[in-house]
Structures are given as C-alpha cells and as structure tokens.
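Novice: Please read through the structure below; I'll follow up with questions.
The values are calculated or read from the model by the stated rules, or taken from the named source; none is laboratory data. Predicted, not measured: the structure shown is a model, and the values here were computed from it. Note that each Cβ is placed from the backbone with ideal geometry, even for glycine, and that neighbours are counted across all protein chains shown.
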Amino acid sequence: MTNRGMISFLLLILLFVTLHLTNPSKEKHLELLKVKMADMYATDMGNDTAFSKRFDYDDYYILSITVDKIGDIHQTSSVGILGFIF
C-alpha cells in the first residue's frame, strides 16, 4: 500500500470514529422531539415514560434515527449525525 493509500485509509477510519463518537443518544433525540411536539407532549403524554415509548430509536453507529410508531404509518421523526439532530 502506498503512502497516499495509507493516509486515505487512516482518514477514512478517523471519519468513522468521529461519526460514531458524536452520534446523538436517544435522550438527545427525545429532548428535541419534546420541543418540536410541545403541544402533543403536554396534552397527550404528560410524562417522559409514555412519550419515550412512542418512539423507536435506531442506532446505526454513524447516525441515529427515531421513528414515530403511533398509528399504522411509522414515519421518521428525527435524524442525528455529528452531534446534530434534524
């Protein structure tokens, strides 16, 4: 392997390690969703346990998502990568 190939490989490994270490936790996703769905959280849920059961958290090591599982249609509620949640 050439020096250029070795440097590219190490940078790729560094990128994946950075993505993994900055992957947002389930709690961070739920904090954003509480703000995003404040009306629904206050009227329907009222407590953290019931609200957190509403969402499935999937950790893909370099990014994470939450899926709203209420009703028949399951839709992505948030996506997290590099410490940011969208």
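Novice: Kindly indicate the residue of the stretch 52-63 that is hydroxyl-bearing (Ser, Thr, Tyr) and under 14 Å from Leu33 (Cα atoms) and also nearest to the chain's Cα centre (by Cα) among those meeting that condition. Show your work before the answer.
Specialist: Filtering the stretch 52-63 down to residues hydroxyl-bearing (Ser, Thr, Tyr) leaves 52, 57, 60-61.
With the extra rule that they be under 14 Å from Leu33 (Cα atoms), the set shrinks to 52, 57.
Working: Ser52: 13, Tyr57: 7 Å.
Here the answer is Tyr57.
Novice: Among residues belonging to the stretch 33-50 that are under 18 Å from the mean Cα position of the chain (by Cα) and surrounded by 12 or more Cβ atoms within 10 Å (Cβ to Cβ), point out the one that is modelled with the lowest pLDDT.
Specialist: Asp48
Novice: Which numbered condition in (1) more than 11 Å from the chain's Cα centre (by Cα); (2) surrounded by fewer than 16 Cβ atoms within 10 Å (Cβ to Cβ); (3) not in a loop (DSSP other than H, G, I, E, B) is the only one that Asp72 fails?
Specialist: Answer for Asp72: the failing condition is (3).
Novice: Hey, another quick one. How about the stretch 75-86: which of its residues are exposed (fewer than 14 other Cβ atoms within 10 Å of the Cβ) and hydrophobic (A, V, I, L, M, F, W, C)?
Specialist: Leu82, Phe84, Phe86
Novice: Only one of these conditions is not met by Thr66: (1) in a loop (DSSP other than H, G, I, E, B); (2) touching a strand residue (DSSP E or B) at 6+ places or on another chain (Cβ under 9 Å). Which number is it?
Specialist: Thr66 satisfies every listed condition except (1).
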